[in-house]
Amino acid sequence: MLDEIQDDAAQRMGKTIETFSQDLRKIRTGRAHTSLLDAVSVPYYGTNVPLNQVANIGVADARTLTVQPYEKSMIQPVEKAIVGSNLGLTPNTAGQVIHIPLPPLTEERRKELTKVVREEAEQARVAIRNIRRDANSHLKSLMKDKDISEDEQKRGEDAIQKLTDKHIGQIDDLLSDKEKELMEI
């Protein structure tokens, strides 16, 4: 029973780390990366689909992305979706290839992005702590129902705290890596 609670908490904390990591990938640094366009969706035959399902996305150089739609008729909708994505990108079409130059980040913008990254990290930490609270309250209710002893509850809470510390450490590592990446020129 204690193992089930710990496994559930570990699994949920792992998903929180995964989500945080994906959120960090969406925040643009100075370099071109295809994951920058992961959040962009394009209307395709009446439904919105991710951009990577209707076009080939590539990196031309350190500051330019290329998007090549599989169908010629998709060039305009893809361009419109990129402009409307609020990523601050301006696509240029050359034939059947859309070039997306990434403007260099100013110092002020880098600092703003660092604040955004820190807020995301704090939200992830709060989520981890909420998972710890849920697991500990589950342990307390088991002890009240006399399903486990007080010592087992303490051992369980200690194990949950170690899990919490480990996952918050991972969040801090991801945060410091992203901050270094953002401040790099």
Can you tell me, using C-alpha contacts under 8 Å and at least 6 residues apart, the relative contact order of the range 25-70 as a whole percent?
32
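In which sequence would HIS33, HIS167, HIS138 go, from the one with the fewest C-beta neighbours within 10 Å to the one with the most?
HIS33, HIS138, HIS167
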Sparse-neighbour loop sites [trypsin sites (Lys or Arg not before Pro); the range 43-100; at most 15 other C-beta within 10 Å; DSSP]
ARG63
Let me have the 222 nm mean residue ellipticity of the chain computed from DSSP H runs of 4+ only, each contributing -39500 (n - 2.57), with the sum over all residues rounded to the nearest 500.
-20500 deg cm²/dmol
Given LYS140/LYS162; LYS15/LYS166; LYS26/LYS166; LYS115/LYS162; LYS15/LYS140; LYS26/LYS180, which pairs have Cα atoms separated by over 22 Å?
LYS26/LYS166; LYS115/LYS162; LYS15/LYS140
Using only the alpha-carbon atoms, how far is helix 2-26 inclined from the longest principal axis of the chain? Give it as 0 to 90 degrees, nearest 10.
20
To test your reading of the geometry: what angle, between 0 and 90 degrees and rounded to tens, separates the Cα axis of helix 150-183 from the longest principal axis of the chain?
20
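Taking GluC sites (Glu not before Pro) that fall in a DSSP loop and have at most 15 other Cβ atoms within 10 Å as cut points, what is the longest piece of the chain between them? It would help to have the intermediate numbers written out before the result.
Working: sites that count: GLU71, GLU184.
Counting at most 15 other Cβ atoms within 10 Å as exposed, the longest clean stretch of the chain is 72-183.
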Cα axis of helix 107-144 to longest principal axis of the chain: angle in degrees, 0 to 90, nearest 10?
30
Quick check: Cα centre of the range 54-101 to Cα centre of the range 148-185, how many Å?
39
Non-local residues with an amide H under 5 Å from the amide H of ALA60, with H modelled 1.01 Å from N and Pro and chain starts lacking one, are LEU65, THR66
Taking H as built 1.01 Å from N, whose amide H comes closer than 5 Å to the amide H of ALA55, not counting residues under 5 places away?
TYR70
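Any read-out appearing in this document is the output of simple, stated calculations on the displayed coordinates, not a laboratory observation. Just so we're clear, the structure is a prediction, and the values are computed from it rather than from any experiment. When we count neighbours, we look across all protein chains shown, and the Cβ atoms used for this are built from the backbone with ideal geometry, even at glycine.
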